[in-house]
Amino acid sequence: MAWRQLSFTLPQALADEVSDRLDLLGAQAVTFSEGDDEELFEPLPGETPLWQQTRATALFDPDTDTHAIADRLQAEFPQLQDWLHETLADQPWERAWLEHFQPLNFGRLWVCPSGQTPSDPDAVCLTLDPGLAFGTGTHPTTALCLEWLAEAPLAGKTVIDYGCGSGILAIAALLLGAERAVACDIDPQALSATCDNALKNRVADRLHCCDPDRMLMEAADIVIANILAGPLVELAPRLTALTKSGGRLVLSGVLESQLPAVRQAYREHFDFDIPAVLEGWGRLHGLKY
Ligand SMILES: C[S@@+](CC[C@H](N)C(=O)[O-])C[C@H]1O[C@@H](n2cnc3c(N)ncnc32)[C@H](O)[C@@H]1O
């Protein structure tokens, strides 16, 4: 089915009211995205913060007069601006996302959507479809971790993926040769996605998914955490305790400017390499004394 799509920018404070009005005017769906360059980093489970300037996109049946709807909204909310009216052609919507999610390559590791395989028969293939949990490999913070895992000596090692999201890092580690992994996250949706993805990749028998508060404090050879600088600093005592002596710690989710503060929080127990940086994000790798 084709759609009429209307989009515009609005101040955050009007989002609920305008969304209700769009529903009343016949919108079949309303979505919000960033209206300018402001970044929102990782809301807690249940939180849905919006941008100061938010872009609203509403879908209507194909014969809807979106210009008349825009006139009514503009009269009621003069702050709305940057109007765009489009007709979206019919297409197989359930497959459309595949155009934006192609196989990704990290050394010998490939991350592929269901039904696709890498051309190299010796490649290690992780099957993953975008879902509600963070972690498809497209974000630089995840990519930095996958690049590290693809090069790491994983055979026979135990791994903790702290803040697992989709489970992509733990599953990659297992497919690349790690013996066992524990994946934890404060978001129940992430744990359920991780379990599903582990089953899909046939590593569920070697992966334990759990809430961080219910995690057995058994130290691992490799601890990998792609969270954010603030939580990584707070978690320093815990992640340090979870890394075996002589083990490796990989931290990502850190803006380049925040690397010194995160390194400082761990420096007493780890000898760090020079950080790797990708698109303004940094990755730390340290060996525990
Ligand atoms: C940026 S995502 C990373 C997901 C995945 N590991 C990846 O690399 O793509 C961070 C994840 O950490 C989780 N998280 C945030 N704070 C946490 C905490 N204090 N303990 C455990 N998980 C946390 C979030 O719910 C989110 O799923």
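The values are calculated or read from the model by the stated rules, or taken from the named source; none is laboratory data. All values reported here derive from a predicted model rather than from experimental measurement. Cβ: placed from backbone, ideal geometry, glycine included. Neighbour counts: every protein chain shown.
Is one or more of the residues making up region 239-251 assigned by TED's automatic domain parsing to the domain that holds Leu146, of a type in the set (S, T, N, Q), touching a Lys or Arg at 6+ places or on another chain (Cβ under 9 Å) and buried (at least 22 other Cβ atoms within 10 Å of the Cβ)? There is at least one residue in region 239-251 that is assigned by TED's automatic domain parsing to the domain that holds Leu146, of a type in the set (S, T, N, Q), touching a Lys or Arg at 6+ places or on another chain (Cβ under 9 Å) and buried (at least 22 other Cβ atoms within 10 Å of the Cβ).
Filtering region 177-197 to residues that are surrounded by 23 or more Cβ atoms within 10 Å (Cβ to Cβ) and either in contact with a Leu (Cβ under 7 Å, 6 or more places away or on another chain) or not assigned by TED's automatic domain parsing to the domain that holds Ala220 (or both) leaves Ala178, Ala181, Ala183, Asp185, Ala193, Asn197.
Every listed requirement among (1) at pLDDT below 90; (2) loosely packed, with under 11 Cβ neighbours inside 10 Å is met by Leu24 save one, (1). Within region 206-223, residues that are assigned by TED's automatic domain parsing to the domain that holds Ile186 have Cβ atoms under 9 Å from residues that are of a type in the set (Phe, Trp, Tyr) in these pairs: Pro212/Tyr162; Met215/Tyr162; Val223/Tyr162, counting only partners at least 6 apart in sequence or on another chain. Checking each residue in region 114-152 for being over 13 Å from the mean Cα position of the chain (by Cα), outside the structural domain of Gly177 (by TED's automatic domain parsing) and within 16 Å of the ligand (Cβ to nearest atom) picks out Leu126, Thr127. Number of residues in region 174-196 that are touching a helix residue (DSSP H, G or I) at 6+ places or on another chain (Cβ under 8 Å) and either within 11 Å of the ligand (Cβ to nearest atom) or free of Cβ contacts under 8 Å to residues at least 40 places away in the same chain (or both): the value is 11.
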